[in-house]
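The values are calculated or read from the model by the stated rules, or taken from the named source; none is laboratory data. Predicted model only: the values in this text are computed from it and were never measured. Here the Cβ positions follow ideal geometry from the backbone for every residue, glycine too, while neighbour counts run over all protein chains shown. Heads up: the accessible areas ignore ligands, DNA and RNA and are worked out on the full protein's heavy atoms, side chains in. Shrake-Rupley method; radii C 1.70, N 1.55, O 1.52, S 1.80 Å.
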Amino acid sequence: MGMGDQQDVVAINGKGNKYRRMGTQEEEEDFDEDVVRLKMARRNDSRKYVFACAVFASLNSVLLGYDVGVMSGAILFIQKDLHITEVQQEVLVGCLSIVSLFGSLGGGRTSDAIGRKWTMGFAAIIFQIGAAIMAFAPSFLVLMIGRLLAGVGIGFGVMIAPVYIAEIAPAVARGSLTSFPEIFINIGILLGYVSNYVFSGLSYHINWRIMLGVGILPSVFIAFALFVIPESPRWLVMQNRVDEARTVLLKINEDEAEAHQRLAEIEEAAGVLNADKNNENKEVWREILRPSPSLRRMLITGCGIQSFQQITGIDATVYYSPTIFSDAGIKSDTELLAATVAVGFTKTIFILVAILLIDKVGRKPLLYVSTIGMTICLFILSLSLTLMHGLGLMSPNVGIGIAILAVCGNVAFFSVGIGPVCWVLTSEIYPLRLRAQASALGAVGNRLCSGLIAMSFLSVSRAISVGGTFFLFSVISAVSVMFVYSCVPETKGKSLEEIERLFQNGREWQKGEVELGDVEHLVQDK
């Protein structure tokens, strides 16, 4: 036997003194490398696919953000063109949020009936019709009709996008991906502010119409998205379309074993494999209205965080930022709109910070930072406006600077925590059979609080001053800190089914979070 043959036949393995064929070892190593490459390629493909789905599903949120941002400036010119009163301004601004609650309320049942994906398409169509009517409105009445339709469309869209993303996203990235709608809301707000600034130089008879009409453009991308993204696998299982659900799961998971495991979990949660016969015919809304202890805890957490997101005054800050800056001392319309662009940039930048952190540090730490920071900024804004106008103890230039910094700080802290985390939590804490309609109920509370704040801000400010109004917001924000501590569990890294079991153990999750934190510290110390 030649030397080459001997090298090919045997070699001594130092660990176990075993004899192996060198040729076989090389083949196994090549095979292993090929397997690793295939797994990495599949992982990258699945991540890109889920990312694309999350982006497309979030496009409706651009419509909401754009409407909120553009109306803050457009209302200045609508008032001049249509000669509307202050009360009509409040109604025009705030009615969208109020009406959107009907869309959110109907969105749960609609998404259970026709699917998550096509509910998003339905939402876009309704909004675009409303936006077109507003752009060509000859009177306040017609403008209101368009505004009401746009509100219904926004209600559908704002409720369904986080639910859809939560149902397709892997647990490890669900927080970041479910935050995408909030990113796109902020992008929409920024685009609305920029639109205000760009078109403000035109005649006030047409500039606000162009500002509102530009909101129709995203419909092209939304229509394309409907032919790219798949239906939610959890909804497909609920419809007993298990084979289609399996196909989707194979696309969005990194390997077949994980896809089959998730399918089994979804089937069990949906009651396909292990149905609870006692609840088989129980109506969803009856169960929500007469909740079990665990569901009651979920509803308190979900509806509570949705309400606190709005009653801390974020929509008042965004809708009426020109009014706030005007009260601080800025007089020119162009300068007012330029200052709001700075607010929009701040809000958008810090939502990106939240996306990077939400699946690393968790939901609850971000909520603490957010609510505490907002409380401080709202109090500073209140104090500066009061000292400048009520007591005359601050110069206008200093007051303007502090007001801009406080408003930018408030939206920054909002965007880094309660803004995106609110939607993440409410899309992941409910059981599958109730998720769509329970999330819709939370969205209703969100929109109702938003509308009440937007419709009452000018009147309340006139009664107790702008500074006094923001002092109330700071007090409410301080209360939200205690709510986060007592009612919100940490859901980072848990599957949707694990989160459901988390609420079944009462307040034991508070103890569990402490123990988990202690374990993590011990591991790091070692």
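Restricted to helices (runs of 4 or more DSSP H) entirely inside segment 150-261, those with at least 3 residues that are over 26 Å from residue 447 (Cα atoms) are 180-199, 233-238, 242-252.
Residue-wise test of (1) open to solvent by 30 Å² or more (accessible area, probe 1.4 Å); (2) modelled with pLDDT under 90.
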site: 110; (1), (2): yes, yes
site: 113; (1), (2): yes, yes
site: 120; (1), (2): no, yes
site: 128; (1), (2): no, yes
site: 134; (1), (2): no, no
site: 143; (1), (2): no, no
site: 154; (1), (2): no, yes
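Among the conditions (1) in a helix (DSSP H, G or I); (2) open to solvent by 40 Å² or more (accessible area, probe 1.4 Å); (3) not basic (Lys, Arg), residue 138 misses just one, which is (1).
Filtering 215, 188 for residues that are touching a residue at least 60 places away in the same chain (Cβ under 8 Å), open to solvent by less than 10 Å² (accessible area, probe 1.4 Å) and under 15 Å from residue 125 (Cα atoms) leaves a single hit, 215. Determine if segment 302-324 includes at least one residue that is modelled with pLDDT under 80 and either open to solvent by 50 Å² or more (accessible area, probe 1.4 Å) or farther than 30 Å from residue 86 by Cα (or both). Within segment 302-324 (the criterion being modelled with pLDDT under 80 and either open to solvent by 50 Å² or more (accessible area, probe 1.4 Å) or farther than 30 Å from residue 86 by Cα (or both)), the answer is yes, since at least one residue qualifies. Checked against (1) open to solvent by 30 Å² or more (accessible area, probe 1.4 Å); (2) closer than 27 Å to residue 298 by Cβ; (3) modelled with pLDDT under 85; (4) in a helix (DSSP H, G or I), residue 493 passes all but condition (4). For segment 167-185, filtering for residues that are open to solvent by 20 Å² or more (accessible area, probe 1.4 Å), over 15 Å from residue 352 (Cα atoms) and not hydrophobic (A, V, I, L, M, F, W, C) leaves 1. Taking the listed residues 450, 465, the one that is at pLDDT 80 or above, within 16 Å of the chain's Cα centre (by Cα) and small (Gly, Ala, Ser) is 450, with no other qualifying.
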